[in-house]
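Engineer: Following this message is one structure expressed as structure tokens.
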Amino acid sequence: MNKYANYDASQYPRPQMVRDGYQPLDGCWDYKIIKGTLSDISLESFEPDGKIQVPFAPESALSGVNRTLSPDELLIYRTTFERMQKDKIALLHFGAVDYQCRIFVNGKSAGEHIGGYTSFEIDVTDLLQDGNTLTVIVADPSDTRPISRGKQKIKHGGIWYTPASGIWQSVWLEYVPRRYVRSIKIIPDLDSGSVNISVDTNDSSDERFQLTLQGKTYIGDRSIDVKPDVVIPWTPENPYLYEFRINYGQDEIKSYFAMRKFSVGKREDGKPCFMLNNEPYFMRGLLDQGYWSEGLYTAPNDQALIDDIMLAKECGFNTLRKHIKIEPMRWYYHCDRLGMIVWQDFVNGGGKYNPLAILILPNLGIHVKDSRYSFYSRSDETGRQLYYKEMNETVNQLFNCPCIALWTPFNEGWGQFDSLSVCDYLKSLDSTRLIDHASGWSDQGGEIRSIHKYFVPFKMPKKESRPVILSEFGGYSMRVENHSFSDKIFGYAKFNDRNALNSAIKKLWQEQLIPAKRQGLCAAIYTQLSDVQCEVNGLITYDRMQIKIDKAMLAKLNFELIKS
């Protein structure tokens, strides 16, 4: 039974921290695209080019613009809104804006942000009046600078996709009391049966708060340890969530947590394995890139997020690897409540990728030290510093999501640098989750051996004391006429019809994956959940209209995998 089904988060953009006083600003805004840079922008009145539907990137069909923003251009947004509550502080929230933006309220500077994937908020209380004009000016260099950009590329093709510039997650106002909670941090301890909840407020003179859990009230001063009456461990099979409430003066917040623990242990045969709640647990999952045919980085609606997660569950998977992208907080909320483990990639950056470093040498068993910045296209010191900044923001933003089991700092050598030091830093931010230090081919000796295997059969390494994960494999492709992005296709093994595709997947599970699991494989991530533009190796087409695989067959294979 999932008690959390009664929790009311409706369409709230941040279900992990719900308040009354939510004012959505998504909708139809004016926009204009001009040549220029953020340093020389003028806020003079402008004649709009037209209307843009926020929060969809201008490159997407759902935005109504369907135009790529060039690195030498600025995207100017403008909308108006009424102030709903005059006696409270007004916090302006942005889910994500790619890449650099400046915000103005009624012609006055409100703030700015750098980084295309993390959320931010601005206190705009003193800038508001009865009727207000909000202006957002965005610059996005995309892949022309060594910044974090994911798989976006202006000249897209193959494994690189159309960029998503500007506002691509929700914009909203939140009205809070003069004394309010800025953030909460939740650390469950399954072994002790308790959870620590700490609160950060905007008033350091008095940080006492009241916490209500299962009808009982507790008083905390910055943090508190509480024990649920009955400890019900969270699993994908039983995603039990505890709801609680925090009161701080007149501020009231609703949230939730789960009692769960991710760790490394040993199987009965002594081989290392992943553990969930102190029991061996095989994580079987799909690569999930979070691209949509109509909205690019942004799903067309909330139900679409749920449908993707449920498709994976119906096929017998318990894990999604969120690939080089950070989703809206509602996606993680759905994974929490529906029962889906998440491996979260950090967003890659760096310069133009070096095929020698990424493809050739690692596959010959040669792993060049990632302190050689130029070899990994990471010579830009500012870019490396920004990576740490964005790592902090990512961990802080996602820390309270029970579903996240594993962080992936680097993928296939893309922008990789000092990965072991990066992992040490990451552990200082979050010691509760697993870390795949270098997913794929640039192993630096971290705690997990992470392997990507396409084209050739996978075989377990003979001499490896670390947990071994198959963090990408498969990639079997089939193009579906009238449901594909273009005639150009990319994949690792191509099939012409569903029968051939399903037979190949069945053979892959039976002849490679199941034997590898018996030999000690800890987890496996199949490429991939959905087609993405020219990549047609998804279980479902890019438009989500055609399911290419036999769900019952795949669910049966995954059941056999568990029992093997």
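Engineer: For the stretch 27-169, what's the relative contact order in percent, using C-alpha pairs closer than 8 Å and at least 6 residues apart?
Structural biologist: Rounded, it is 27 percent for the stretch 27-169.
Engineer: Can you give me the Cα centroid spacing of the stretch 215-259 and the stretch 75-138 in angstrom?
Structural biologist: If we compute the Cα centre of each part, the gap is 32 Å.
Engineer: As a check on your grasp of the helix formula, calculate [θ] at 222 nm for the chain: sum -39500 (n - 2.57) over DSSP H runs of n ≥ 4, divide by the residue count, round to the nearest 500.
Structural biologist: Numbers: 7 runs with 82 residues, N = 564.
About -4500 deg cm²/dmol.
Engineer: Next question. Compactness ratio of the stretch 27-169: Cα Rg over 2.2 N^0.38 Å, N = residue count?
Structural biologist: Numbers: Rg = 15.2 Å, N = 143, 2.2 N^0.38 = 14.5 Å.
Dividing the Cα radius of gyration by 2.2 N^0.38 Å gives 1.05.
Engineer: Moving on to the next point. Within a Cβ distance under 12 Å of G265, other residues only, what is the Lys/Arg minus Asp/Glu net charge?
Structural biologist: Charge balance in the 12 Å sphere: +2.
Engineer: List, largest first, the extents of the alpha carbons of the chain along their principal axes, each in whole Å.
Structural biologist: Result, largest extent first: 67, 58, 45 Å.
Engineer: Rank the residues L74, L529 as a footprinting-exposure proxy: fewest other Cβ atoms within 10 Å of their Cβ go first.
Structural biologist: The most exposed by this proxy come first: L74, L529.
Engineer: So for the stretch 27-169: antiparallel DSSP bridges make up what percent, rounded to the nearest 5?
Structural biologist: About 95 percent, rounded to the nearest 5.
Engineer: Please tell me the relative contact order of the chain in percent, rounded to the nearest whole number, where contacts are Cα pairs under 8 Å and at least six residues apart.
Structural biologist: Over the chain, the number comes to 13 percent.
Engineer: Right, here's the next one. Kirkwood Rh and Cα-based Rg: tell me the resulting Rg over Rh for the stretch 187-245, rounded to two decimals.
Structural biologist: Value, to two decimals: 1.03.
Engineer: Shifting gears a bit: With a cut-off of 8 Å between alpha carbons and a minimum separation of six or more residues, what is the relative contact order of the stretch 173-306 in percent?
Structural biologist: 18
Engineer: Sum up the charges of everything whose Cβ sits under 9 Å from the Cβ of G351, counting Lys and Arg as +1 and Asp and Glu as -1, but leave G351 out. Each step should come with its number before you reach the end.
Structural biologist: On the way: positive: R145, K352, R378; negative: D380.
Net charge around G351: +2.
Engineer: For the stretch 114-209, what does the alpha-carbon gyration tensor say about shape, rounded, prolate or oblate, given a ≥ b ≥ c as the root eigenvalues, a/c under 1.5 as rounded, and a/b over b/c as prolate?
Structural biologist: Judged from the Cα gyration tensor, the stretch 114-209 comes out oblate (a/c at least 1.5, b/c at or above a/b).
Engineer: Sticking with this structure for a sec: Please report T201, T80, T118, T432 as a ranked list, fewest other C-beta atoms within 10 angstrom at the top and most at the bottom. All intermediate terms of the calculation are to be shown ahead of the outcome.
Structural biologist: Numbers: T201 19, T80 12, T118 24, T432 15.
Listed from fewest to most nearby Cβ atoms, that is T80, T432, T201, T118.
Engineer: Sticking with this one: Does the stretch 162-260 come out rounded, prolate or oblate, given a ≥ b ≥ c as the square roots of the eigenvalues of its C-alpha gyration tensor, rounded meaning a/c under 1.5 and, failing that, prolate meaning a/b above b/c?
Structural biologist: Oblate.
Engineer: Among residues other than N247 whose Cβ falls under 12 Å from its Cβ, what is the net charge (Lys/Arg +1, Asp/Glu -1)?
Structural biologist: Its environment carries a net charge of +3.
Engineer: I've got another one for you. In nanometres, what is the gap between the two model label sites at Q385 and A500, each 7 Å from Cα along Cα-to-Cβ?
Structural biologist: Roughly 5.4 nm, to one decimal.
Engineer: Additional query: Among 405-411, 364-370, 99-105, how do they line up by average Cβ neighbours within 10 Å per residue, starting with the highest?
Structural biologist: 405-411, 99-105, 364-370
Engineer: Please state, to two decimals, what the Cα-based radius of gyration of the stretch 367-494 comes to when divided by 2.2 N^0.38 Å (N = residues).
Structural biologist: Relative to the 2.2 N^0.38 Å estimate, the stretch 367-494 comes out at 1.24.
Engineer: Please sort 512-518, 24-30 by packing, taking for each peptide the average over its residues of neighbouring beta carbons within 10 angstrom, highest first. List each step's numbers first, then the result.
Structural biologist: On the way: 512-518: 19.3, 24-30: 16.3.
Top to bottom by mean Cβ count within 10 Å: 512-518, 24-30.
Engineer: Still on this structure, please answer the following. Would you order E268, E393 from fewest to most other beta-carbon atoms within 10 Å of each residue's own beta-carbon?
Structural biologist: Details: E268 7, E393 17.
Neighbour counts put them in this order, fewest first: E268, E393.
Read the figures in this text as sums done on the coordinates, not as results from a lab. Everything numeric in this text was worked out from a predicted model, so none of it was measured. Every residue, glycine among them, receives a Cβ derived from its backbone with ideal geometry; neighbour counts consider all protein chains shown.
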